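Quick notes on the structure that follows.
Readers should treat all values here as calculations from the given coordinates under stated rules, not as data from a laboratory. Computed from a predicted structure; not experimentally measured. Cβ coordinates were reconstructed from backbone atoms using ideal geometry, including for glycine residues, and neighbour counts include every protein chain displayed.
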Ligand code: FES
């Protein structure tokens, strides 16, 4: 995709028809990320296989179009990847995917899900990951 309208259509499609939305059954990690600027929250659910590869991923959340579309897009990007690889992903991953022109001024919204996923990996490695939404504390990004 290289024109603005295509990026807009792509973002709107993920917002209106989110992929992998809803709580995941028996997650290994539940992580809530908040944008303190607006109060929006994204909850990421992850299930891992024996090699710390993401075998299942979903999200829940309420928020702006960009944050919710980004969460949907990220679930597709990280499924099947090892946690270690996800921890290396930078903001450009999501910015390039969603169109720099559209999200450059909305970086916090665009990277909320990504930062939540990266923090989920960190918590898991530290043995501090929540395994239910009720247990998960909101971390601000
Ligand atoms: Fe809240 Fe975008 S305005 S995450």
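If I fit a long axis through the Cα atoms of helix 107-125 and take the longest principal axis of the Cα atoms of the chain, what angle between them do I get, 0 to 90°, rounded to 10?
The two axes meet at around 20 degrees.
Compute the distribution of all C-alpha to C-alpha distances in the stretch 1-71, in bins of 5 Å from 0, and list the percent of pairs in each, rounded to whole numbers.
Histogram of Cα-Cα distances, whole percents per bin: 4, 16, 21, 19, 17, 13, 7, 2, 0.
For helix 65-78, report the angle its Cα long axis makes with the longest principal axis of the Cα atoms of the chain; keep it between 0 and 90° and round to the nearest 10°.
Approximately 60 degrees, to the nearest ten.
How would you order 128-140, 68-80 from highest to lowest mean count of nearby Cβ atoms within 10 Å? Provide the component values of the computation, followed by the final result.
Details: 128-140: 13.8, 68-80: 22.8.
Highest mean packing first, the order is 68-80, 128-140.
Over the chain, what relative contact order in percent results from Cα pairs under 8 Å that are six or more residues apart?
On the way: 268 pairs, mean separation 45.5, N = 141.
Dividing the mean separation by the residue count of the chain yields 32 percent.
Restricting to DSSP H runs of at least four residues, report the calculated mean residue ellipticity at 222 nm for the chain, -39500 (n - 2.57) per run over all residues, nearest 500 deg cm²/dmol.
Working: 6 runs with 62 residues, N = 141.
Calculated at 222 nm, the ellipticity per residue is -13000 deg cm²/dmol.
If you line up the Cα atoms of the chain on their principal axes, what length do they span on each, largest first, in Å?
That works out to 42, 30, 25 Å along the principal axes.
Given 0.36 nm per residue, what is the gain on full extension from residue 49 to residue 87 after removing their alpha carbon distance, in nm? Intermediate results must be reported in sequence, preceding the final value.
Numbers: separation 38, 0.36 × 38 = 13.68 nm, distance 1.66 nm.
Stretched fully, the residue 49-residue 87 segment lengthens by 12.0 nm.
Along the principal axes of its C-alpha atoms, what lengths does the stretch 68-141 span, in descending order and rounded to whole Å?
38, 23, 17
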